[in-house]
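Everything below concerns the one structure shown next.
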């Protein structure tokens, strides 16, 4: 019986009612099977490592480094516009501070989408945010849009009232 020379490892992952477990067998520790006339080596009798996934286990298996593409932490323009649209449909005061940074975006389309979102959510908490953004804006047309939006949102809510019925009829 001879010992295998190469590193051969098999792993098994199983989910049970008690959690997720993994088991590792090292095939280099098995016999070659030549003494018994078998061409296939038998599976090892005991695993070399078995642990619950939640436990910390040190396992070093030499492998080639994997080259990956660099991951951009910046969202794409489409993702930003989608996020703004999502915040606009929530109609919640909590959306105001989340939308505020988009008013300072270097991209005019993102700034316009943020302004539209502020108008759509119609929260009085956005009035000082829009007025501050108007002060920072460099484009006169954009300044005017921001001021108009702040003034519109600051208006009291419209209430439809019916005239009281007349007493004489």
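Any read-out appearing in this document is the output of simple, stated calculations on the displayed coordinates, not a laboratory observation. None of the values given here were measured: they were computed from a predicted structure. All Cβ positions, even for glycine, are placed from backbone atoms using ideal geometry, and neighbour counts span all protein chains on display.
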| query | According to a simple spin-label model (label point 7 Å from Cα along Cα-to-Cβ), what is the distance in nm between residue 166 and residue 120? | reply | 4.7
| query | If we count other beta carbons within 10 Å of each Cβ, what is the order of 96, 127, fewest first? | reply | 127, 96
| For 130, 87, what's the fewest-to-most ordering of other Cβ within 10 Å of each Cβ? | 87, 130
| remark: Label model pair residue 91, residue 141: point-to-point distance (7 angstrom along the Cα→beta-carbon line) in nm is 3.2
